[in-house]
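The values are calculated or read from the model by the stated rules, or taken from the named source; none is laboratory data. As the structure is a prediction and not an experimental result, all values here were calculated from the model. Calculation scope for accessible area: heavy atoms of the full protein, side chains included, ligands and nucleic acids excluded. Shrake-Rupley method; radii C 1.70, N 1.55, O 1.52, S 1.80 Å.
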Amino acid sequence: MLRLGRIKCLASNAVKSSLSLSSTPQGFLEKHESTESRHAKDNAEVVIIGGGCIGASIAYHLAKFGVPNVVLLEKTELTAGSTWHAAGLTTYYHPGINMRKFHYDSIKLFEKIEKETDQEIGFHATGSIRLAHSMEHMNEFKYMMTRHGWLQSEEQLLDPETIAEMHPLLNMDGILGGLYTPGDGHTDPYSLTMALARGARMYGATLLQDTPVTGTRQRGDGTWEVSTPSGTINAKQVVNAGGFHARQLGQMAGLDLPVVPVHHQFPRTYAEF
C-alpha cells in the first residue's frame, strides 16, 4: 500500500521513467461503451486499484503533476466501498506533525477544487471544539499550543466559560477546557470524490468503472501485470487504494497488509416530547 506522503516522489520518478512511453497507451481491450470510458488499456505508467476518495485523489494529483497514462480501476462504481461509509469530517487538528500537514493541504484543496472542476463538494468549515475532561487532556492541548507559532492552522485554548458561551447546549460538568479549531468542518465524501475524479480526467487520467482486478503479478524487470476481466494492463507502478479490500489486493502480490475492516456500532436514542 502506497503512503500518500510518497505521491510527489512517485510522480517525479514516474515522469522520469516514462520518457520511452507514448502519452497515450497503445491498444484497447473494449468492454462496453458508456458516457464514461469503461475499457482496459494495454499499457499504463501507474495503475491505481480502488475508486474511492483516496484512489481518485491519487489519480488527480499524479495526472496534475504531469504523470502520463494514469489508469484507475474500480470494480463497481466510484465511492462504492470505504468512501461510501465515511462521515466526511475534515480537521486541521492532528497530534502528529506530518499528518497535520496533510490535513492542512487537504482542506486547502477542498476550498479550491470546486472552482477548478465546477463540482460542488458540500464543504462547510463549521469549526470544532475538543473537550478536555482531565488534566492529561489539558496538558496535551497546552503542548499543542506551544507549537502553534509554526503551525499553519489557527487554534485557540478555551476555558470552560468560553466553551459554554460558544455552545450553550453542552453539559459542562467535568469539562476543564478545550481546544478550538475554527477551520475544521465536514464535506460530502461522494461529491468530493466526483470532483477529484473530474479533475483527474481533466488532466488526462483514465478512470474505469465495472473493472475488477482479478490478479497482479510482478515481472522480473519490476513492472506489473494487472489482470481484469477485460484483459491485462502492463504497468510500471501499482497503487493499492482498495480501502477495506486493501488486504486482499495485497495478498494478490504476496503481501500481508495489517489492514482489517471493523464494523462500527453505535446506539440510537430518541427524545420524547
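Pull out the extension gain between Glu114 and Asp42, defined as 0.36 nm times the separation in residues minus the alpha carbon to alpha carbon distance; nm, one decimal. Walk me through the numbers on the way to the answer.
On the way: separation 72, 0.36 × 72 = 25.92 nm, distance 3.25 nm.
This chain segment gains 22.7 nm when fully extended.
With the cut-off at 1.5 for a/c, could you classify the stretch 57-109 from its C-alpha gyration tensor as rounded, prolate or oblate?
On the way: a/c = 3.00, a/b = 1.30, b/c = 2.31.
Taking the square roots of the gyration eigenvalues as a ≥ b ≥ c, the stretch 57-109 is oblate.
In this structure, the pairs whose alpha-carbon distance is over 25 Å, taken from Lys64/Lys236; Lys75/Lys112; Lys101/Lys142; Lys115/Lys236, are Lys75/Lys112; Lys115/Lys236.
Given a 1.4 Å probe, how much area per residue of the stretch 119-215 is accessible, in Å²?
On the way: 5010 Å² over 97 residues.
For the stretch 119-215, the per-residue accessible area is 52 Å².
Shape summary of the stretch 172-273, radius of gyration then Dmax from alpha carbon positions: 21.3, 70 Å. Computed 3J(HN,Hα) for the stretch 242-253, one whole-Hz value per residue from the Karplus formula 6.51 cos²θ - 1.76 cosθ + 1.60 where θ = phi - 60°, is x, x, 6, 9, 4, 5, 4, 5, x, 5, 4, 9, glycine and proline marked x. Using the alpha-carbon centroid of each, what span in Å lies between the stretch 168-196 and the stretch 66-101? Comparing the Cα centres of the stretch 168-196 and the stretch 66-101, I get a distance of 18 Å.
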